[in-house]
Amino acid sequence: MIRVEKLTKRYDATTVVDDVSFEVERNSITVVVGTSGSGKSTLLRMINRLVEPSSGRVLLDGADTRSEPAHLLRRRIGYVIQGNGLFPHRTVAENVATVPRLLGWPDERIQARVTELLEIFQLDPALYAGVLPHQLSGGQQQRVGVARALAAEPAVLLMDEPFGALDPIIRAKAQEDLLAIQRRFGTTVVLVTHDMDEAFHLGHSIAVMSEGRLLQYDRPATLLTQPADSFVARMTGLSDRALKLLALTSAGDAVLPGESEGPRVASSASLREVLSELLWRRADSALVLGEDGAPRGQLTVAAILARAHP
Amino acid sequence: MSFANLLRLAALALLLTFLLSPQSFAPLFAPLTHYGAPPIYDQGNLLALALAQLGTVLVAAAASTLVAVGLGILVTRPVGAQFLPLSRTLVNIGQTFPPVAVLAVAVPLVGFGEKPTLIALFAYGLLPIFENTIAGLRSCPPAVLEAARGMGMSPAQRLRRVELPLAMPLILEGIRLSLVINVGTATIGSTVAAKGLGEVIIAGLLSSNTAFILQGGLVTGLMAVLLYDALAALERRLSLAVPLD
């Protein structure tokens, strides 16, 4: 879907992004994570050419992104930034309609799309379509920012620390919203963050960057079990890597046949959550329920612990 | 109706009454005259003079606005950034060069009448509009501009749809300052035969008639205050839509 080839950005003597190559799968969430100054933001901004690469190229569906004017390319790519950057003089509906208007959609189609998106993001159009951004809460503004980025049905969504300014509770909700939206529209998402927990929670793949270089690009579990070097290991967190690994597997994927008198857990719960529940209730095993509520099997503490290491 | 609005209305009513029927104020101004001199300016129609002065100021302000806003936009673009020091110097000269001196220089070039006055007012009115345009365009939040770029707006679309609307309250403030300064300054146009209330003041000075001087000054002052107030109200309406944060 997105193919980054030997991408490099230099400002005079400093190399901000150094020979980075990777490929993003269609319909997946890729999280680029790194410390501040690692070049992760510059890397993201080179994908929609807000920053022009010094060398290397980006292919979108096989086509070089330089084959069309930059502003036309950006209309096809959703873009969300920290602090959302909503237009303060435009209403919520006008903000969301920005890109469709640039693309010259007919009014009825824009209207329908804006209404659909506001509903998806739990902003009642009757209440919120006509208000200005400063009249919204931080969480609502953030949702409008994402709705605006998705308005023209882009196949690719780029997000630059989109949840950085939110408090923990609203951030968790925003992350769940993003996962739901991504499943619903099948959008290919590239998200930049410095928060490793966010990376593990959202990413189907994680790219770890430091000092402009891509250190490792892998599935989250591989990052934990086979870190490329000590920096990646430290970045992913040595102290709780066993628990992080458990958090990546759902109860439904690890379920074993059998019955249990213990607490009931949903198959969508992570092993980390199931383990916590078992420890809390001093139980040895849990009954795993499917989405229909019917028992699917059981999980013991021993079986969970067996998955907590490489 | 609030006290402020009542005051505005009273000032406007006073101005209009005086301009439409100046003779009814004759008893008020009579104590200021000596030896039976006329208490009310009688060598021309006060209303016509006031309107002529306002017209001159508005034409000059329109030209100042066009040039100053255009320059302000140019020097805040990457291509025009190198012209900022030069533009600033030119605009500053326009403000520091006394309008009277501009008249003296302009008369030999364009002759007597409205033209030299327009040139003097145009040059004098550039600075506030120019500086406020730059300040307004620079005050646009970086995140908003970044989002506008990221959404795929071309530079012209960003300017028209985002930067100018956000800068508008400050630009309007610049235009207001420029207008009000020039309503007063325009009286000097009468020294080079431009129609205006300066005529009344000069006639008063020549004949030692304090009543004339006061009439020219008061009408000019009232016009400036009312104009300032009306434009400020317009700005408030506009900036209500745009929070400053």
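A few notes on this one:
- When A:Arg101, A:Arg90 are checked against the criterion of being among the basic types (Lys, Arg), within 13 Å of chain B (Cβ to nearest Cβ) and part of a helix (DSSP H, G or I), A:Arg101 stands alone in meeting it.
- Filtering the range B:93-127 to residues that are at positive phi and either touching a Lys or Arg at 6+ places or on another chain (Cβ under 9 Å) or among the aliphatic types (A, V, I, L, M) (or both) leaves only B:Gly113.
- Picking from residues in the range B:110-165 that are free of Cβ contacts under 8 Å to residues at least 12 places away in the same chain and polar (S, T, N, Q), the one that is farthest from B:Thr56 (Cα to Cα) is B:Ser154.
- When the residues of the range B:71-112 are filtered to those that are over 19 Å from the mean Cα position of the chain (by Cα) and either outside any helix (DSSP H, G or I) or among the basic types (Lys, Arg) (or both), the one that is surrounded by the most Cβ atoms within 10 Å (Cβ to Cβ) is B:Thr76.
- Residues that are buried (at least 18 other Cβ atoms within 10 Å of the Cβ), within 14 Å of chain B (Cβ to nearest Cβ) and in contact (Cβ under 8 Å) with a residue 12 or more places away in the chain occur in the range A:29-41; there is at least one.
- Conditions (1) within 14 Å of another protein chain (Cβ to nearest Cβ); (2) out of contact with any strand residue (DSSP E or B) (no Cβ under 6 Å at 6 or more places or on another chain); (3) part of a helix (DSSP H, G or I): number failed by B:Tyr124: (1)
- Take the conditions (1) open to solvent by 90 Å² or more (accessible area, probe 1.4 Å); (2) free of Cβ contacts under 8 Å to residues at least 24 places away in the same chain; (3) of a type outside the set (Phe, Trp, Tyr); (4) not in a helix (DSSP H, G or I); B:Gly36 misses just one of them, which is (1).
- Which listed residue, of A:Val156, A:Val189, is within 25 Å of A:Ser270 (Cβ to Cβ) and touching a residue at least 60 places away in the same chain (Cβ under 8 Å): A:Val189
- Residue that is surrounded by the most Cβ atoms within 10 Å (Cβ to Cβ) [pool: residues in the range A:269-303 that are touching a Pro at 6+ places or on another chain (Cβ under 9 Å) and outside any strand (DSSP E or B)]: A:Val274
- The range A:58-87, subset at the interface with chain B (Cβ under 7 Å from one of its Cβ atoms) and of a type in the set (Lys, Arg), residue surrounded by the fewest Cβ atoms within 10 Å (Cβ to Cβ): A:Arg75
- Hits in the range B:38-51 - residues which are in contact with an Asp or Glu (Cβ under 9 Å, 6 or more places away or on another chain) and either among the polar types (S, T, N, Q) or within 15 Å of B:Leu16 (Cα to Cα) (or both): B:Gln43, B:Leu49
- Each residue in the range A:104-143 was checked for being part of a helix (DSSP H, G or I) and either within 11 Å of chain B (Cβ to nearest Cβ) or of a type outside the set (Val, Ile, Thr) (or both), and 23 of them qualify.
- Check on B:Glu235, over 13 Å from the mean Cα position of the chain (by Cα), within 11 Å of another protein chain (Cβ to nearest Cβ) and farther than 26 Å from B:Pro116 by Cβ: no
- Verdict on A:Pro162 being assigned to a loop (DSSP other than H, G, I, E, B), touching a strand residue (DSSP E or B) at 6+ places or on another chain (Cβ under 8 Å), open to solvent by 10 Å² or more (accessible area, probe 1.4 Å) and not small (Gly, Ala, Ser): no
- Residues that are part of a helix (DSSP H, G or I), open to solvent by less than 30 Å² (accessible area, probe 1.4 Å), facing chain A (nearest Cβ under 10 Å) and more than 21 Å from A:Leu73 (Cβ to Cβ), drawn from the range B:139-168: B:Leu166
The values are calculated or read from the model by the stated rules, or taken from the named source; none is laboratory data. For clarity, every value in this text was computed on a predicted model and none was experimentally measured. Note that each Cβ is placed from the backbone with ideal geometry, even for glycine, and that neighbours are counted across all protein chains shown. What goes into the accessible areas is simple: the full protein's heavy atoms, side chains included, and nothing from ligands, DNA or RNA. Shrake-Rupley method; radii C 1.70, N 1.55, O 1.52, S 1.80 Å.
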